Amino acid sequence: MRIVYIGTVEFSRTALRTLTLLNANIVGVVAKTASAFNADFVDMSATALGGGIPYLAVSNINSPVAVQWIRERRPDVVFCFGFSQLLKKEILTCAPMGVVGYHPAMLPRNRGRHPIVWALALGLTNTGSTFFFMDEGVDSGDILSQEDVPILYADTARTLYDKIAVTAQRQIAWFLPRLQNGTYKREPQDESKANHLRKRVAEDGHIDFRMSSGAIYNLVRALTSPYPGAHTCYRDAVVRVWAAEERSWGDPSVEPGKVLEVVNNYVLVKCDGGSILLTRHEFSDYPHVGDYLQ
């Protein structure tokens with residue numbers, strides 16, 4: 001089975017390496033050389049060329065050059081695991097079996113943008129790992145393989161990203177031989193259960209200390225590595241926050257955003273109904289007790 005592989009993020013590289021270990025016949029890799037959009041972008045060229053796989057770098061996956069290059073590889077199936085552009089019909093019809101895509105959520109729930117970030121920011125207790133046959137909609141095609149992934153209180157974007165990747169590798173090992181021998185099944189999605197997540201913008205990462213400690217904790221862990229981090233402001237400077245812990249202490253007469261303690265590089269800040277301890281951050285100018293973060 002001839003496979004053309006499309007991907008450009010950390011997960012894409014992990015999945016490509018898994019396919020290589022499974023002796024999948026990858027006849028071409030298409031990726032980007034740079035991406036300002038993907039915080040988890042990686043250069044796929046070394047992985048592809050190091051394995052002797054033909055490689056094409058593109059900025060637009062739907063360009064005539066990309067379409068022609070993929071067709072010339074004569075794929076039986078295309079895998080698109082981690083490429084933040086919708087595929088148009090010209091790509092979707094390049095291979096007889098179609099295009100298998102990937103989404104880190106329990107489709108049809110949480111289609112759309114940034115599902116790992118939103119799952120943590122919203123305080124969800126589970127997400128999923130779904131491989132599906134792509135169509136011209138957004139994450140709406142028939143499901144090939146799907147597994148539930150629990151989210152623990154201690155999970156961060158990094159640990160959840162890695163947990164999902166491990167689950168996906170197991171799924172690839174399961175469905176690859178079924179695609180090869182034609183015993184795979186397609187399960188249509190239930191549109192009545194679908195919802196769509198919007199694109200995250202920079203303002204979504206701002207810590208508003210009028211939020212509860214739980215909401216702030218979820219925001220910080222959602223945007224930590226490999227993502228760009230949550231942020232607050234101190235003396236007109238943007239300060240990235242990478243880790244935080246909830247604290248129950250909080251005098252109701254103290255305003256949100258007031259610094260309560262600064263000890264051993266930890267900064268305790270009043271928030272709604274309690275306080276939040278900023279444990280990993282990028283303060284260049286440390287606040288003092290009584291100062292305010294905005």
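Read-outs: derived from the displayed coordinates by stated rules, not from any lab. Computed from a prediction, not measured in an experiment: that's the story for all the values here. All Cβ positions, glycine included, derive from the backbone under ideal geometry; neighbour counts span all protein chains shown.
Details
- Cut-off of 10 Å, at most 15 other beta carbons, DSSP loop: longest stretch of the chain lacking such GluC sites (Glu not before Pro): 137-281
- Ranking of D148, D272 by neighbouring Cβ atoms within 10 Å, starting from the fewest: D148, D272.
- Only beta bridges with both residues in the stretch 2-197 are counted; by DSSP, about 45 percent of them are antiparallel.
- Trypsin sites (Lys or Arg not before Pro) within the stretch 186-216: DSSP coil, no more than 16 neighbouring Cβ in 10 Å: R186, R198, K199, R210
- Counting other Cβ atoms within 10 Å as a rough exposure proxy, the listed residues Y153, Y55 run Y153, Y55 from fewest neighbours to most.
- Sparse packing (at most 16 other Cβ atoms within 10 Å of the Cβ) combined with a DSSP loop state is found for the following trypsin sites (Lys or Arg not before Pro) in the stretch 74-118: K88, R113.
- FRET efficiency, 1/(1 + (r/R0)^6) with R0 22 Å, evaluated for R74 and N181 via beta carbons: 0.65
- Each of V99, V27 has some number of other Cβ atoms within 10 Å of its Cβ, and from fewest to most they run V27, V99.
- For the options A39, A243, A31, a Gaussian network treatment of the chain with springs between C-alpha atoms closer than 10 Å singles out A39 as fluctuating the most.
- Computed extension gain for R113 through E282, at 0.36 nm per residue and net of the alpha carbon distance, reaches 58.1 nm.
- Cβ-derived FRET efficiency at R0 41 Å, N23 paired with V201, nearest 0.05: 0.45
- Cα→Cβ-extended label distance, 7 Å offset, between R235 and S192, nm: 5.9 nm
- Bridging of K32 to lysines at a Cα separation below 27 Å is possible for K88, K89, K163, K199, once same-chain residues fewer than 8 apart are set aside.
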